Structure formats: C-alpha cells, structure tokens
Amino acid sequence: MPGVLLVGNGAREHAIAEAIMRSGHDPKLFSYMKTNNPGIASLSAKSLVGPYEDLPAVMAFAKANGCEFAFIGPEDPLNLGVVDALLAAGIPAVGPKRKLSQLETSKSFTRDLVRKYNIPGNPRYATFTSLEGIAEFLDELPGVVVKPDGLTGGKGVKVQGDHFQTAAEAFDYCKEVLQEHPVVVIEEKLDGEEFSLQCISDGMTVVATPPVQDHKRRFVDDKGPNTGGMGSYSDADHCLPFMRPEDVAAGLAITQKVAEAIYRETGDYYKGIMYGGFIITRDGVRLVEYNARFGDPEAMNILPLLKTDFVEICRAVVNGTLDRLPVEFDKKATVCKYIVPKAYGLPKDHPDAKSTSAKIDVSGTGAARLYYASVDRKADGLYMTTSRAIGVVGIAESLDEAERIAESAISAVKGPVDHRPDIGTRALIQRRIDHMKKIRG
Ligand code: GLY
C-alpha cells in the first residue's frame, strides 16, 4: 500500500488524485494543498493546508506518512524547489528539479536550448536584457509576441493584434516587462491552430498522451480576456479534428529531443510532465511554450482515459523504466467545460462581482465527472471562491455526445455560474478545421 504525496489543490490535482486512487496498488493519498480542495481531501488519507514556500512542512508531511514518491501538480512549488527538497529527504518525485523546471519558468532557457541543440520548432525570436536593439528587431517582424522571462500566472504573454497593435506599443510593453523581469523574449507571431501535447518523461523515454485543445478566452467565440483555460476537448482517435497524425508525431519528436537536450545540458534526467503548447502553421508544427506540469484543464481530458495504472506510470518515471511500460488510453472523446463565477474575468466593480462567493448546488449533474477547483465546502453546502470553480467533463464515444453530457450536467447546476457553451461543439470545431484548411492552403 504505497503512500503518495500530492502537492497542489486545483481541478488538475483533483484529476491526478482520482487517477492515483484508481490504481490497483491500493495507494494511500497524502495531499499538501495551499487551500483546501474538498474533492481532493475526500480522496486523501490525510491532507495538510499550508503555503508552498514552506518546503520543510512539505517534506515533514511526506516523511511522517512514509510516502514512496510525490507528484507535484502546479508550477509554483516546482519553481520553489520542492522536488530538490524532497529528493534530499530521500523521496523521489514526478516533477522536475528546480533547474529543469526552467523549461516552463524561463522562456529564454527553452528557446535557447531548442536553438542550441538544433531542434526544429522555434519561431524567429530574440532575448533582450535592455532596450538596446528592441526597436530594430520589432521592425524586422510583421507581428510579435512579447513574453516576460519568468512565471506570470499565464497573464504576462502579450500578442500583437490582440493585446496591442503597433510596434511602438510592443516596445512600451517590453519596457514595462524589463522593469520587473531581467529578460524579455520577443517572438515572431505565428498563424495556425494550437494544441496541447502533454508528455510523460523519465528523462530518457517520453510518452505522449492524447492531444487536447484548450480555450483560453473567457467568452463565447474566443472573445474577452485570457483566463487559465475555460475548457478543452480531445477526440476518440487521439488526434484532433483539425490535425493530422503527423502533427502529433512532430510534437512528440520535438519533446523527445528537448528531453535529451535537457540531459546533455544539465546532466539531469527530466522526470515529470513536459506539456508542449504547439501551433500548426503552414510550415509545420512550431513550439509555443513548454509547461513543466499537466495542463489545467487539459489534465481532466486525458487522465480519466488512462487505462495503465497511474501508480505504475509514476514508479516508472522515478525509476527510469518508462520504456518498459505501455501507457494506454481509452479511445474516447472528452469535453471539459469549467463552470466559473459570473464575475470571473470581469472588472471588480461589475454588478455580478458577488457571485464569486456564492453557493452552488451540483447534485443532479448525472453522467459527467466533476473536478473541483476553487470551491469551499461549508456545513450548508458548496461555495465558489474567486476563480474557476469546477471542471465538468463529458466522456463518450464521440465529441457530440461528450459535449452533450457536459452541457446537460452544467444545466443542472444551481447558482450564479457561467461557462462557455461553445466549447466542444461542432460549430466551433468546424471553424478550427476551416482555419487549418486555409492555413495549409
Ligand atoms: N491550460 C493552460 C495551462 O495549463 O497552462
């Protein structure tokens, strides 16, 4: 009966907790959370709430409960060095050491690594530590993406045409970034369709999970501000309707080369999740960015489909034996839609602002899976807090049916919630297909 430490408290970690507890090895889950997640707590033998910065508390909790290994859900504890601390205490982890988590935390580290090892996938880019040369580089590119070199909770990346229009505005944003970050990365803006390819790595072997498409914008038709992700879908054939199988293969090949490059560069094996955000352009698959963890919501699409025992996968990652374990997924389609407080993504003075702490009733949600994110269970029921509340996942033979299951569950939720009804629908997916046809010519 292995003890497993899970660090994190979002819907992604709720899905990870569920995957761990489905194991045939009868694991006991010990959860360290920044704020209590009632869904994770209900699956745990014991849980502890505390700041991620308190690494001694995380280690003490894992040791006191005899944890065999740890699974680190979010990027913040990776960036704080939780894996290094656990390893020093003799507890291996699924999650990279701090230095290797730069794959996510430093956009320049990853771009420079990909360039140095001649791995395909980089767009044109340059990094700057001062304003010198920025105006000239901006003049060379018809459209750019500006990225602060550090963790910004998904809010720092700004795209020309969306967040700003002119080269002068791009320059001003670079200036703003350099006041807070040592490096700014400027990249050529690419046109195409994006997909998330979450890969599992033991440092030598890299295994892809089914590709997923996320929807970052708050409102229907991809309008409104960027969010952590309003929902996502995956298809039964483990491809996406606008993709070709060779696009998935290209994303995996890039990730395999990056894992190898990380080893050659650092002398350490990358053990954990390499979540590549890719874009399919007219010139092929390009790398948008890597994250050193599962996606949220994308984890909720792929983990419920896992046929291989998740504890065995984690053991293979920490032991470096992933080459000997076939990792298999159900051939089913999934649609995940987040229900959020109506105020989510709205200005604080909006009349719907009080919905952030409203009570919700999720009884009667039928066949869908519910993964709790920012919710609090009180004596009289479930309350939303400030952010995305619950990931609602429909799983079925087809996307149409998976979408119907998710929608039907959401329509049964009582409370001032909102969601994106368009995610996973035929109409929206057809737009992606048409876009990709146009791109490929
Ligand atoms: N779905 C976006 C992310 O997890 O970063």
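The values are calculated or read from the model by the stated rules, or taken from the named source; none is laboratory data. Small disclaimer: the values here were computed from a predicted structure and weren't measured. Don't worry about glycine lacking a Cβ; one is built from the backbone with ideal geometry, like all the others, and counts go over all protein chains shown. Just so you know, the surface numbers come from the protein's heavy atoms only, side chains and all, with ligands and any DNA or RNA stripped out. Shrake-Rupley method; radii C 1.70, N 1.55, O 1.52, S 1.80 Å.
From Thr152, Thr129, grab the single residue that is surrounded by fewer than 17 Cβ atoms within 10 Å (Cβ to Cβ), within 16 Å of the ligand (Cβ to nearest atom) and within 17 Å of Val185 (Cβ to Cβ). Full working, then the answer.
Working: Thr129 fails: within 16 Å of the ligand (Cβ to nearest atom).
Answer to the selection: Thr152.
Please go through segment 107-151 and pick out each residue that is farther than 18 Å from Met274 by Cα and of a type in the set (Ser, Thr, Tyr).
Across segment 107-151, the qualifying residues are Tyr125, Thr127, Thr129, Ser130.
I'd like to know if segment 4-20 contains one or more residues that are surrounded by 18 or more Cβ atoms within 10 Å (Cβ to Cβ), touching a residue at least 60 places away in the same chain (Cβ under 8 Å) and of a type in the set (Lys, Arg).
Yes.
If Arg115 satisfies all but one of (1) within 29 Å of Asp222 (Cα to Cα); (2) more than 16 Å from the ligand (Cβ to nearest atom); (3) surrounded by fewer than 19 Cβ atoms within 10 Å (Cβ to Cβ); (4) modelled with pLDDT of 95 or more, what's the number of the condition it fails?
So Arg115 meets the others, but not (1).
In the list Lys359, Lys348, Lys342, Lys378, which residue meets the criterion of being more than 22 Å from Asp400 (Cβ to Cβ), in contact with an Asp or Glu (Cβ under 7 Å, 6 or more places away or on another chain) and either of a type in the set (D, E, K, R) or open to solvent by 20 Å² or more (accessible area, probe 1.4 Å) (or both)? Steps first, answer last, please.
Working: Lys359 fails: in contact with an Asp or Glu (Cβ under 7 Å, 6 or more places away or on another chain); Lys348 fails: in contact with an Asp or Glu (Cβ under 7 Å, 6 or more places away or on another chain); Lys378 fails: in contact with an Asp or Glu (Cβ under 7 Å, 6 or more places away or on another chain).
Only one candidate qualifies: Lys342.
Which of the helices (runs of 4 or more DSSP H) contained wholly in segment 1-110 include at least 1 residues that are within 27 Å of Thr255 (Cβ to Cβ) and not aromatic (Phe, Trp, Tyr)? Give the derivation first.
On the way: elements: 11-21, 38-43, 55-64, 75-80, 82-88, 102-105.
Counting at least 1 such residues, we get 11-21, 75-80, 82-88, 102-105.
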